[in-house]
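Have a look at the structure below, then the notes.
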Amino acid sequence: MAPLDQYLMVDRDAEIAMARSAAPEAISRDADVLVLGRHGYETAVKGKNGFVGVMERSWMLPYDDPEFWNRCNRANSVVHDCVDVHRGWRFATAIRARSIALAAFGADSAIELLSAATIITR
Amino acid sequence: MDRKIVRTVALGSFALVVVLSTAWQAQAQDAKAPYPSMAPLEQYLMADRNAEIAMARSAAPEGISRDAEVLVLGRHGYETAVKGKNGFVCVVERGWMSPFDGDDAVNFWNPKIRGPICFNPPAVRSILPLTYKRTDMVLAGQSKAQIIDGIKTFIKQGLPPLEPGAMCYMMSKEQYLTDEGHHNWIAHLMFFTPLMDGAVWGADLPNSPVMLNPLFGGAPEPIDVFMIPAGRWSDGTADPVRIR
């Protein structure tokens with residue numbers, strides 16, 4: 001693991017906006033939004049539709065993924081500047097699918113959307 | 001004399017109005033329900049068995065469908081035409097797998113409907129039995145009302161519980177799902193869930209790619225069907241995502 005600061009985003013509003021960008025506005029505007037702090041994820045915006053938007057970090061990759069500790073996933077700048085190709089593709093997939101659930105869980109397929117949606121609305 | 005002529009003309013006009021009105025109502029009824037009842041069985045069958053197998057397989061990418069079991073519709077129900085080995089089952093569904101009511105019910109008896117679909121193993125066990133059941137009742141000559149009653153009984157007595165992860169592929173370019181336009185709607189995936197609020201999936205919200213299918217939906221099957229465009233047909237060619 002790199003020093004914690006390298007995983008955090010300095011600009012809280014930017015982290016909120018990035019988390020929300022995972023889904024169409026009709027979903028994300030009423031979603032809970034989490035930001036990563038020194039002691040874990042904190043609720044930055046209270047939602048009312050049961051969805052949760054969050055910017056995941058590299059440790060949500062598979063345990064054996066060589067990028068597991070990639071500090072570039074702090075994403076405190078534009079994603080494409082720092083995030084590795086693999087991770088970038090995963091986020092691109094999520095954003096393209098316009099799903100908070102996909103972004104939140106780093107899902108690779110629409111099938112995972114089912115699992116993700118089930119979990120976050122539970 | 002003049003009074004007699006006037007009466008004759010009035011009666012004639014009235015009769016004409018009645019005839020035209022009746023004809024117009026019949027025409028409107030035809031337009032609203034072009035397939036009010038089952039057509040002769042032959043119209044639902046495919047003469048070319050190999051063509052039906054190929055169409056069924058076209059529902060999913062070859063990596064899935066080449067090892068799938070394939071069913072074809074015969075006079076007495078679906079029959080296994082090809083044994084599979086990956087647990088998937090591909091089949092060309094007919095119009096009677098449409099919703100019983102609502103706008104999409106217009107195709108329930110449409111003999112041209114061809115819905116190639118490949119079920120994954122959980123859906124084979126928990127959703128495909130509904131296809132078998134509806135088909136068996138149709139081939140037995142039952143009316144839509146009788147089929148609905150039969151499904152209600154089946155739900156209570158014979159329908160296996162919905163398995164987690166049940167889904168299917170509908171990515172065939174050959175699909176004929178509507179008489180309108182190009183007939184093939186969109187390449188898509190369908191996910192089967194217990195009945196739930198579509199908002200849980202963000203379905204049908206502006207710019208959301210997720211759509212709640214009117215199929216099943218508790219009327220009477222206790223299952224919801226969420227659809228997500230696949231973006232390409234099973235042969236790999238693009239099917240640009242069209243979001244409602």
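Please work out which residue is farthest from the other protein chains (Cβ to nearest Cβ), limiting yourself to region B:221-230 and to residues that are in contact with a helix residue (DSSP H, G or I) (Cβ under 9 Å, 6 or more places away or on another chain) and crowded, with 17+ Cβ neighbours inside 10 Å.
Step one: list which residues in region B:221-230 are in contact with a helix residue (DSSP H, G or I) (Cβ under 9 Å, 6 or more places away or on another chain), which gives B:221-224, B:226, B:228, B:230.
Still in the running and crowded, with 17+ Cβ neighbours inside 10 Å: B:221, B:223-224, B:226, B:228, B:230.
Numbers: B:E221: 18, B:I223: 14, B:D224: 11, B:F226: 8, B:I228: 5, B:A230: 8 Å.
By that ranking, first place goes to B:E221.
Of the residues making up region B:110-129, those that are part of a helix (DSSP H, G or I) and closer than 11 Å to B:W96 by Cβ number 0.
Among residues belonging to region B:190-220 that are part of a strand (DSSP E or B) and more than 8 Å from chain A (Cβ to nearest Cβ), point out the one that is nearest to A:A22 (Cα to Cα).
Residues of region B:190-220 that are part of a strand (DSSP E or B), as a first pass: B:190-194, B:211-213.
Pick out the ones that are also more than 8 Å from chain A (Cβ to nearest Cβ) and you get B:190, B:192, B:194, B:211-213.
On the way: B:M190: 22, B:F192: 24, B:P194: 26, B:M211: 18, B:L212: 20, B:N213: 23 Å.
So the residue we want is B:M211.
Looking only at residues in region B:138-155 that are touching a residue at least 12 places away in the same chain (Cβ under 8 Å) and surrounded by 16 or more Cβ atoms within 10 Å (Cβ to Cβ), the one that is nearest to B:L41 (Cα to Cα) is B:L139.
Can you report the number of residues in region B:91-109 which are under 15 Å from B:M46 (Cβ atoms) and part of a loop (DSSP other than H, G, I, E, B)? Matching residues across region B:91-109 total 1. Figure legend. Inter-residue proximity from region A:11-33: first residues in contact (Cβ under 8 Å) with a residue 12 or more places away in the chain and within 14 Å of another protein chain (Cβ to nearest Cβ), second residues surrounded by fewer than 16 Cβ atoms within 10 Å (Cβ to Cβ) and of a type in the set (K, R), beta-carbon distance below 6 Å, spacing 6+ or different chains. Indicated pairs: A:D30/A:K48. Pairing each residue of region B:156-181 that is within 14 Å of another protein chain (Cβ to nearest Cβ) and at positive phi with any residue that is of a type outside the set (A, V, I, L, M, F, W, C) and surrounded by 15 or more Cβ atoms within 10 Å (Cβ to Cβ), provided the two are 6+ apart or on different chains, yields C-beta distances under 6 Å for B:G165/B:P122. Looking across region B:130-148, the residues that are over 23 Å from B:V70 (Cβ atoms), in a helix (DSSP H, G or I) and not hydrophobic (A, V, I, L, M, F, W, C) come down to B:K144, B:Q146.
Quick note: the coordinates plus some simple rules give every number you see, no bench work behind them. On a predicted model such as this, the values are computed, not experimentally measured, just so you know. In this analysis, Cβ positions are derived from the backbone assuming ideal geometry, glycine residues included, and neighbour counts consider all displayed protein chains.
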